[in-house]
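Chemist: Could you have a look at this structure, given as structure tokens, before my questions?
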Amino acid sequence: MVVTEEIIRTTISEVYPNYLIKIILKELESQGVMGYKEDLFGEDAYIFANEDGSPYHARYDKSELLELLDHKMNEVISVIQKQEYFSPYSYSALFEVTGDWEDSLQKAIEDGIIQQTTDEEGIHHDIINKNISHSKPTHKRIGNLDVLKFSLHLVGYLPQEKDNRRDIVYPILCVFNKNTNMLEIRFEKVKGYISNLVDGFYIKKINQIKEKIESLLDIELLAINLSPIIKFIKEKLNESEENEVAVSAQAHEFHTGSKAILDSGNNDNMILPLIGNLKDILKNHDKLFNANTEGKQIRELLEEIILEAEYLSDHPWITLAWKNDVKSKVVKVKFLFNYQGQDFSVLQYYGNNADMEKMTYVTQFIFDNKQKFDNQTR
């Protein structure tokens, strides 16, 4: 069915963070759909005003977006659905594509199996469905990316006796990159009162989307084993101090059965505790360790500790950080290898600064290093 005002209202109230609401309102304002001063906008614009006639101060908050929805429903829904293509998502999974997906995609669009969207079309509403297998995705071309969006209708129940049902729209993006021949499935975390109703909620959604895409485009999606690629990246980081990327956290499972988590936290230098400290000691006190036989033996013992922790232990997950002089703009991605026993890995993005462009950059970075790793192991 086409998305309704009631479902969008619940989604705004239950799901949308403040930064996203502000982005949507700013876009509606730039389009002249709404405004805060009557003399600056056309007659069709909705103007926010106080009942007592006092000057209205823009808040760009949830109450304004819900109020605007009452008066400009089509415009609000249209902007929201376009924004879903560019919003940051907390999670993604990468797959390698086998088959001619470009021709199949074009044919599916021509046959009406996939709904084409363009900026020139104006207002349109996505079709939402509770079942991925019956969904009709929309398509948007963004640069060298072909993006399919599945708009799912999810239902959850709050732990209260009355008015406990919540219906929301849940978008999942499938991003095809013709330069890398990879597919990235991007998705967001949902409230526990929804995801807890289904065992393995995210695993099922990824597998269902994967099966739907394979069926739609007559292709095969192969899970990319990220563990050796990330370890390859780690080794390259050790070769130079001038890197845009750093390991900011990692989990260790030692062969003795013990476990440990090392996290650099908010340190500007992103040096992992223990391992990073030991490396610094070895580097900064080279003369001391080479002064005599005992010093050299101590160096060897410390290097063995680092070797055991870095390369001989298992890493269920590793977090990489893309550096930035502005701390709030650092992009951190946690790589969860073989996610909950699956053959695919999941990337978890921290914060709200990983927009579409940055997520695509991270994916390209992974692809570039995958190419180098594959060439090395041939």
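Taken together, the values in this text are just the output of simple stated rules run on the coordinates, not laboratory data. Remember, predicted model here, so these are calculated numbers, not experimental data. Here Cβ is always computed from backbone atoms with ideal geometry, including for glycine, and neighbour counts include all displayed protein chains.
Chemist: Less than 14 Å Cβ to Cβ from VAL346, Lys/Arg counted +1 and Asp/Glu -1: what total charge do the surrounding residues give? Could the numbers behind the result be given before it?
Modeler: Working: positive: ARG186, LYS189, LYS204, LYS205, LYS210, LYS334; negative: GLU184, GLU188, ASP343.
Here the count lands on +3.
Chemist: OK, next. Relative contact order of the chain: what whole-number percent is it, with Cα pairs under 8 angstrom and at least 6 residues apart?
Modeler: Working: 544 pairs, mean separation 59.2, N = 378.
16 percent.
Chemist: Let me ask another. How much length is gained if the chain between GLU110 and GLN348 is pulled fully straight, taking 0.36 nm per residue apart and subtracting their Cα-Cα distance, in nm to one decimal?
Modeler: Values: separation 238, 0.36 × 238 = 85.68 nm, distance 3.48 nm.
Once the chain is fully extended between GLU110 and GLN348, it gains 82.2 nm.
Chemist: Consider the candidate values (1) 26, 61, 13, 0; (2) 24, 49, 23, 5, 0; (3) 22, 42, 29, 8, 0; state which one is P(r) over Cα pairs in 20 Å bins from 0, in percent computed from the structure displayed.
Modeler: (2)
Chemist: Work from the charge dipole of the chain (Cβ charges, +1 for Lys and Arg, -1 for Asp and Glu, about the Cα centre) and give the residue of VAL326, ILE261, ILE109 farthest towards its positive end.
Modeler: Among VAL326, ILE261, ILE109, the one farthest towards the positive end of the dipole of the chain is ILE261.
Chemist: If we count every other residue with Cβ under 10 angstrom of SER133's Cβ, Lys/Arg +1 and Asp/Glu -1, where does the sum land?
Modeler: Working: positive: LYS212; negative: GLU211.
For residues surrounding SER133, the net value is 0.
Chemist: Work from the charge dipole of the chain (Cβ charges, +1 for Lys and Arg, -1 for Asp and Glu, about the Cα centre) and give the residue of LEU158, ASN225, TYR85 farthest towards its positive end.
Modeler: Of the options given, the answer is ASN225.
Chemist: Filter LYS136/LYS370; LYS212/LYS372; LYS62/LYS212; LYS37/LYS62; LYS205/LYS323 down to the pairs with a C-alpha to C-alpha distance above 23 Å, please. Mind dumping the intermediate values first?
Modeler: Values: LYS136/LYS370 33 Å; LYS212/LYS372 31 Å; LYS62/LYS212 34 Å; LYS37/LYS62 19 Å; LYS205/LYS323 32 Å.
The pairs that break the limit, which is 23 Å between Cα atoms, are LYS136/LYS370; LYS212/LYS372; LYS62/LYS212; LYS205/LYS323.
Chemist: Let me ask something additional. How many nm separate the modelled label positions at GLN371 and GLN83, each set 7 Å beyond the Cα in the direction of the Cβ?
Modeler: Result: 3.6 nm between the two label points.
Chemist: Separate question: Rounded to the nearest 20 debye, what is the charge dipole size of region 56-136 about its Cα centre when +1 sits on each Lys and Arg Cβ and -1 on each Asp and Glu Cβ?
Modeler: Values: 7 positive and 16 negative charges, 86 e Å.
The dipole magnitude comes to about 420 debye.
Chemist: So how tilted is helix 275-284 from the main axis of the chain? Cα-based, degrees 0 to 90, rounded to 10.
Modeler: It is inclined by approximately 50 degrees.
Chemist: Separate question: If you place +1 on the Cβ of every Lys and Arg, -1 on the Cβ of every Asp and Glu, and leave all else neutral, what size is the dipole of the chain about its Cα centre, to the nearest 20 Debye? Before the final figure, lay out the partial values.
Modeler: Numbers: 43 positive and 61 negative charges, 196 e Å.
It comes to approximately 940 debye.
Chemist: For helix 101-110, what angle does its Cα long axis make with the longest principal axis of the chain, in degrees from 0 to 90 and rounded to 10?
Modeler: 10
Chemist: Considering only the other residues whose Cβ falls under 13 Å of the Cβ of THR293, what net charge follows from Lys and Arg at +1 and Asp and Glu at -1? List each step's numbers first, then the result.
Modeler: Working: positive: LYS296, ARG299; negative: GLU294, GLU300.
With Lys, Arg at +1 and Asp, Glu at -1, the net is 0.
Chemist: Could you point to the residue in TYR56, LEU69, PRO17 farthest towards the positive end of region 5-83's charge dipole, with +1 and -1 charges on the Cβ of Lys/Arg and Asp/Glu respectively?
Modeler: My answer, from the dipole projection, is PRO17.
Chemist: Looking at region 152-255, which chymotrypsin sites (Phe, Trp or Tyr not before Pro) are DSSP coil and have at most 14 other C-beta atoms within 10 Å of their C-beta? Before the final figure, lay out the partial values.
Modeler: Numbers: sites: TYR157, PHE176, PHE187, TYR193, PHE201, TYR202, PHE232, PHE254; in loops: PHE254.
Here the sparse-neighbourhood loop sites are PHE254.
Chemist: Here is a follow-up. Could you give the angle, 0 to 90 degrees to the nearest 10, between helix 201-217's Cα long axis and the longest principal axis of the Cα atoms of the chain?
Modeler: 70
Chemist: Also, quick follow-up: Would you mind calculating the relative contact order of region 91-223 from Cα pairs under 8 angstrom and at least 6 residues apart, reporting the percent as a whole number?
Modeler: Working: 213 pairs, mean separation 41.9, N = 133.
Over region 91-223, the number comes to 31 percent.
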